[in-house]
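Some notes on the structure that comes next.
The values are calculated or read from the model by the stated rules, or taken from the named source; none is laboratory data. Every value quoted in this text rests on a predicted model; they were computed, and no experiment measured them. All Cβ positions, glycine included, derive from the backbone under ideal geometry; neighbour counts span all protein chains shown.
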Amino acid sequence: MAYEVGDRLQIDNELGTILFKGKIKEWPSEEAYGIEWDNPNRGKHSGTVHGESYFKTLIPDSATFIKEPKLLVNARKNVTFYGALQGKYGDSSYISGLVMGTKEVEALGFEQLNYRNKDFSSLRHVSLSRSCICKTREKLSDIILIKNSCNNVETLDLSYNTFSSFKDVVLILECLSKLKTLNLNGNRFISWEGLDGFKITTLEHLSMSSCYLSPDNVQLLLQLFPNLKQLDISYNLLESLPDKSFTIPKCLKGLNLSCNQLYNMPKCLGQWKLEELNLSHNLFSEVSSINSETLRDLDISDNKFVDWTICDELNKNLAQLNSLRINGNPLFTSSSKPETELLYETLARFDHLHIVNGSSFSLQERKEAELYFVSKILSDEIRFEKNLGRWEYFNAKYDIEMKLEHEKKSWLDNLLLEIEIHYHGNHFPILVMTNYTIRHLKTIIIKRLALHVNDVKLSFRISNDIVFEIDKNFSTIEDTGIQEKTKVFVTHNGQEIENRQTFSKRK
């Protein structure tokens, strides 16, 4: 098989794109191919060898040269879509004995063809990932066969193949009248020509992660697939999205833009009707453009957010937000606060948030977070704009008047205790509410100590000689007799309480 510049190929299960074909100084008498590998770790240079530039790669040091004889021996043979389909789902004896040309199709008749491909017509989900599919067909008859034998396919996986033209994919999709979900992850399309007039209206879910799409490619995809509900374009090295003309289907509910290099929020985000948006692993540092009445699930983890005002801005602009991932930002990674306090502060800044960084919080835990947050504001440990609607909410719910701040601080301090946790000879203080249940206190301690257990035993000394074990999980801390600076001892798996002399149980 002859390969040309722009062709995709697979060698040793690694995919690459041919960017050069010709002679190089090192091999003046042999044809050489310059290949940029999808996996940069396989590369050795960027298209320049010993000062001579032959081509340029998108990713630095992701290319190698291969002599033609070696390439022809080692490259896996590319196939058509229908060839791959027959190879995985068809009758191998039938495939080897049948030569399909237009005349043969006419002579054989569609009734017999449909019978021989009856197994294909029963397929709902087709997976042809890493099958070296490079084009739709070799003959017109292949298109006819696809239309007649794959008419019930709803889910199609064509990830990590060797397509170079997106039109070849569209020609396949036109044959699949019931297709709803398409996976094209890992394909690198060189050509986007010849797509005028095409529209695939059945497709609802499209995944094109790691395809190195450009902003123009993204815009074209949204025109080709006007009824998308879910779109994944993560890992595409995108630095921007199309300008103000960038529009998305009104029916699109989920958009994954994670793991790109975006730093500006799309200006028209407020016009979208998204319910889920993943912006994680980008370069965002502000969210002034995020304004949505429908967004419920937002992931902005692993970006560049440094200030807690990000949460206040989101709460003001996202009325329906229920789930937020914000970990991995300097706001979290540079803080010395325990994780529980960071989660509480995040939770308390929102009106309706119930899931933070993947952890669900009950109404009781939301209340505890709010009490913790208000106490930190009144003690000047947390800065909070008191002209925000959220502060008005705190005043209304907890009867906190700004002019009596010092009195309210004293009132709230009556609900707070600092106790000392002892475990394996180490100890540390934690701040808790007197109305916490013992079960909740155990959960906080297990998380703080990173213990891989479901339960622990808690005890405290009432004197040097008497130790009480607390074994009623739904009692409050206040009911147990624990006071300010009480030393609470943690044990599990049958460990003994250190230096115990007299043991008793408190219920």
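Details
- Hits in the stretch 18-54 - residues which are among the aliphatic types (A, V, I, L, M) and over 37 Å from the mean Cα position of the chain (by Cα): Ile24, Ala32, Val49
- Among the residues making up the stretch 126-161, those that are assigned to a strand (DSSP E or B) and modelled with pLDDT of 95 or more are Val126, Ser127, Ile133, Thr155, Leu156, Asp157.
- Residue within the stretch 64-74 that is charged (D, E, K, R) and not in a strand (DSSP E or B) present: yes
- Residues (touching a helix residue (DSSP H, G or I) at 6+ places or on another chain (Cβ under 6 Å) and modelled with pLDDT of 95 or more) located in the stretch 280-305: Phe305
- Lone unmet requirement of (1) over 30 Å from Ile190 (Cβ atoms); (2) modelled with pLDDT of 95 or more; (3) hydrophobic (A, V, I, L, M, F, W, C) for Leu98: (2)
- Considering Asn256, Asn264, the condition of being among the polar types (S, T, N, Q), farther than 29 Å from Asn39 by Cβ and under 21 Å from the mean Cα position of the chain (by Cα) is satisfied by Asn264 alone.
- Each residue in the stretch 308-339 was checked for being touching a Ser or Thr at 6+ places or on another chain (Cβ under 7 Å), assigned to a loop (DSSP other than H, G, I, E, B) and more than 25 Å from Ile444 (Cα to Cα), and 1 pass.
- Among the residues of the stretch 231-271, the one identified as crowded, with 19+ Cβ neighbours inside 10 Å and part of a helix (DSSP H, G or I) is Leu269.
- Evaluated against (1) surrounded by 12 or more Cβ atoms within 10 Å (Cβ to Cβ); (2) at pLDDT below 90; (3) touching a helix residue (DSSP H, G or I) at 6+ places or on another chain (Cβ under 8 Å), Leu108 falls short on exactly one condition, (3).
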